[in-house]
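Notes for the one structure printed next.
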Amino acid sequence: MTEIKDATIIVKWSGKEYPITDLTDQDTVAVLKHEIFKKTQVRPERQKLLNLKFKGKLAADNVKINNLELKPNFKLMMVGSTEADIEDACNRPEGLAEVIDDFDDPEEKEVSVENSAVFLAKIAKRIKDYKITVFNPPREGKRLLVLDIDYTLFDHRSSAETGAELMRPYLHEFLTSAYEDYDIVIWSATGMRWIEEKMKLLGVSQHTSYKIMFYLDLNAMITVHTAERGVIDVKPLGVIWGNFPQYSSKNTIMFDDIRRNFIMNPKCGLKIRPFRQAHFNRQTDKELVKLAKYLKDIADNCCDFNKLNHRKWESYNPRK
């Protein structure tokens, strides 16, 4: 058996080598395939790992990596075809995420993931290895707001000639209001270059009424495996809290249109209604107006966000 946390698996595919280092000794072949996908864009179901054997046979997805007899810097031969469309390869097909995430999962199931030692170790590795570029320093006494981009602030699939056509209505008014009480972080499950370009396109990065503290991209996420959802990438807020201890579950809230993204911090996440078909919905979508009020209300009336139930944000009454 190999101690995977001290070893590197090198995947040889299409004439190139890809080191896979972000694994723990409790991860499975399914998680390995997911990490390979992030490096190569070859989906797990398309991967054929030729020399990954367990008891003389091709290793099944549920086999733990540390049960395989691997030498240090083991070179894994892979056959598989990538998707032609990069965006489609990095995101689930449209509509699939909502089918998965609309289940009202009991919080008890999520807590077991939140406190898992394996996943906490991955967060610790992110805190150590992931470099955060701070544009604007934290402000004393402010709470923390973490925002997704796709379908939260921006309809990234509809066609348009300008970013303003795809921008969620009242975006700048929302960010201006939120900035009075919150430091703001943008976290997208895409690459940093994409985030930077979209923030410029939307006029967010240079706006004079508010400032963004920093961006986080897909590399700040971690891979987890749950019985209910399989292998997924998630956004653990511990990556931020480990670098900025003034923030915690007491003063942090995250908006995302996909609930599974905050499965590590279920009480901190608010599932926003996705903004799609921008050309049809720009006149009627007022989600950010309502959420701006909610953020203001809880900032003014709640000292510990752990006491809130963000699933019932629309009925929040500060007087109760």
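The values are calculated or read from the model by the stated rules, or taken from the named source; none is laboratory data. A quick note: this is a predicted structure, and the numbers were derived from the prediction, not measured. All Cβ positions, even for glycine, are placed from backbone atoms using ideal geometry, and neighbour counts span all protein chains on display.
Against the conditions (1) of a type outside the set (D, E, K, R); (2) closer than 20 Å to LYS125 by Cα; (3) surrounded by 17 or more Cβ atoms within 10 Å (Cβ to Cβ); (4) at pLDDT below 85, where does ASN73 fall short? Just the number, please.
(3)
In the list VAL234, VAL239, which residue meets the criterion of being out of contact with any His (no Cβ under 9 Å at 6 or more places or on another chain), crowded, with 16+ Cβ neighbours inside 10 Å, closer than 30 Å to PRO137 by Cβ and without any contact (Cβ under 8 Å) to a residue 40 or more places away in the chain?
Numbers: VAL239 fails: without any contact (Cβ under 8 Å) to a residue 40 or more places away in the chain.
The match here is VAL234.
From the list GLU165, GLU83, GLU173, which one is surrounded by fewer than 15 Cβ atoms within 10 Å (Cβ to Cβ), at pLDDT below 75 and outside any strand (DSSP E or B)?
GLU83
Filter segment 152-162 down to residues that are of a type in the set (A, V, I, L, M) and surrounded by 14 or more Cβ atoms within 10 Å (Cβ to Cβ), then give me how many there are.
The number of residues fulfilling the criteria is 1.
If you scan segment 128-151, which residues turn out to be aromatic (Phe, Trp, Tyr) and either under 14 Å from ILE240 (Cβ atoms) or surrounded by 12 or more Cβ atoms within 10 Å (Cβ to Cβ) (or both)?
Result: TYR130, TYR151.
Just one of the numbered conditions (1) of a type in the set (Val, Ile, Thr); (2) out of contact with any Asp or Glu (no Cβ under 9 Å at 6 or more places or on another chain); (3) closer than 22 Å to ALA178 by Cβ is not true of ILE195; which one?
For ILE195, the exception is condition (2).
Which pairs have Cβ atoms under 6 Å, sit 6 or more apart or on different chains, and link a residue in segment 276-287 that is under 18 Å from SER159 (Cβ atoms) to one that is aliphatic (A, V, I, L, M)?
That search, which allows pairs on different chains as well, returns ALA278/LEU166.
Regarding segment 90-106, can at least one residue be identified that is out of contact with any Asp or Glu (no Cβ under 7 Å at 6 or more places or on another chain), assigned to a loop (DSSP other than H, G, I, E, B), surrounded by 15 or more Cβ atoms within 10 Å (Cβ to Cβ) and modelled with pLDDT of 50 or more?
No, there is no match, as no residue in segment 90-106 is out of contact with any Asp or Glu (no Cβ under 7 Å at 6 or more places or on another chain), assigned to a loop (DSSP other than H, G, I, E, B), surrounded by 15 or more Cβ atoms within 10 Å (Cβ to Cβ) and modelled with pLDDT of 50 or more.
Determine which single condition VAL185 fails, assuming it passes every other condition in (1) part of a strand (DSSP E or B); (2) touching a residue at least 40 places away in the same chain (Cβ under 8 Å); (3) surrounded by fewer than 21 Cβ atoms within 10 Å (Cβ to Cβ).
(3)
Hey, could you check segment 200-216 for residues that are closer than 14 Å to LEU147 by Cα and not in a loop (DSSP other than H, G, I, E, B) and say which is nearest to the chain's Cα centre (by Cα)?
Among those that are closer than 14 Å to LEU147 by Cα and not in a loop (DSSP other than H, G, I, E, B), it is LEU216.
I need the full set of residues from segment 47-71 which are outside any loop (DSSP other than H, G, I, E, B) and either among the aromatic types (Phe, Trp, Tyr) or farther than 15 Å from LYS12 by Cα (or both), in order please.
Across segment 47-71, the qualifying residues are LYS53, PHE54, LYS57, LEU58, LYS64, ILE65, ASN66, ASN67.
Just the residues that are surrounded by 13 or more Cβ atoms within 10 Å (Cβ to Cβ) and among the polar types (S, T, N, Q), please, taken from segment 273-300.
The one that is surrounded by 13 or more Cβ atoms within 10 Å (Cβ to Cβ) and among the polar types (S, T, N, Q): ASN281.
Against the conditions (1) touching a residue at least 40 places away in the same chain (Cβ under 8 Å); (2) surrounded by fewer than 16 Cβ atoms within 10 Å (Cβ to Cβ); (3) basic (Lys, Arg), where does ARG43 fall short? Just the number, please.
(2)
Against the definition (under 18 Å from LYS125 (Cα atoms) and surrounded by fewer than 19 Cβ atoms within 10 Å (Cβ to Cβ)), how does PRO245 come out, yes or no?
Values: under 18 Å from LYS125 (Cα atoms): yes; surrounded by fewer than 19 Cβ atoms within 10 Å (Cβ to Cβ): yes.
So PRO245 passes the test.
Within segment 251-305, restricting attention to residues that are assigned to a loop (DSSP other than H, G, I, E, B) and within 25 Å of ARG319 (Cβ to Cβ), which residue is nearest to the chain's Cα centre (by Cα)?
Across segment 251-305, the extreme among qualifying residues is ILE272.
With respect to LYS235, is the statement that it is among the charged types (D, E, K, R) and farther than 22 Å from ARG193 by Cβ true?
no
Of the numbered conditions (1) touching a residue at least 60 places away in the same chain (Cβ under 8 Å); (2) farther than 21 Å from ARG168 by Cα; (3) surrounded by fewer than 16 Cβ atoms within 10 Å (Cβ to Cβ), LYS267 satisfies every one except a single condition; which is it?
(3)
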